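None of the figures in this text is laboratory data; all of them are computed from the coordinates on show. Computed from a prediction, not measured in an experiment: that's the story for all the values here. FYI the Cβ positions are ideal-geometry reconstructions off the backbone, even for glycines, and counts take in every protein chain you see.
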Amino acid sequence: MIDPLASLEHEITECRRCPRLVAWREEVADVKRAAFRDQTYWGRPVPGFGDPQAAIVVLGLAPAAHGGNRTGRVFTGDRSGDWLFRALWRAGLANQPHSVDRDDGLRLNDCFVTAAVRCAPPANRPSSEERDTCLPWLAAELKQLPRARVIVCLGGFAWEAALRTFTVPRPWPRFSHGGEFTFESDSAGQLKLLASYHVSQQNTFTGRLSEEMLDRIFARALELA
């Protein structure tokens, strides 16, 4: 029997809908960063990863050029991922606190991690058209996660992407760290959005987001789930 989530992952990795993103991800994979010169980059769209029975979905912005675009797994191989998976491990949602590559033994429990845009964008800034072109993949993934109840949105881009995915009527609730919003989805039933500052180095290095703040977000996600 074909695993529908695995089949969807294969479809995502073959996507070439956004010419600018295709060109950039493949250029990065060819040129590489000096520190990873001996590695073979993934250089394709990056599907979500985790427990198919997850109640908690973590939604980020897009793969990092030398992180997910290199390793082929979302939030893997960069410092943002280091922060995220340490927090998931402390919350009991991951079996280990690090995420280095696709074969590092990481497993998620009751958690699925994905992104609003599946290809690494130049300057980490996808266009609104690229975002909207990619959102059907998020909707398709969530349809394959029957127990999903909470979406932790890392940053305002992910918050808006979730609202757009489910065509939540306006006016939309504004993004704020720790903000919550509950709505009824035709495809997934009742869902709760929980907002967090993104685990970007811009936020973590400056102290805008601390490990304690992130831990409180996932503790709340577990309560809501």
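The label-point distance for ARG170 and ALA219, in a model that sets each label 7 Å from Cα toward Cβ, rounds to 3.7 nm. Working note: Debye formula, equal point scatterers on the alpha-carbon atoms of the stretch 90-137, no solvent; log10 I(q)/I(0) at q = 0.26, 0.31 Å⁻¹ is -0.91, -1.10. For the stretch 92-114 versus the stretch 1-54, the inter-centroid distance based on Cα atoms is 17 Å.
Working note: Cα atoms of the stretch 132-173, range along each principal axis, descending, whole Å: 28, 23, 19. Gain on full extension, evaluated as 0.36 nm per residue between LYS143 and SER210 minus their Cα-Cα distance, stands at 20.9 nm.
Ordered from longest to shortest, the equivalent ellipsoid semi-axes for the stretch 11-66 are 24, 15, 10 Å, each the square root of 5 times a Cα gyration tensor eigenvalue. Take the Cβ atoms of THR133 and ALA34, set R0 to 30 Å, and the FRET efficiency comes out at 0.40. Taken over the chain, the percentage of Cα pairs per 5 Å bin, counting from 0 up to the bin with the maximum distance, is 1, 7, 15, 20, 21, 18, 11, 4, 1, 0. Under the criterion of Cα pairs below 8 Å and six or more residues apart, the relative contact order for the chain equals 21 percent. The Cα trace of the stretch 109-188 gives Rg and Dmax of 12.7, 35 Å, the first to one decimal, the second as a whole number.
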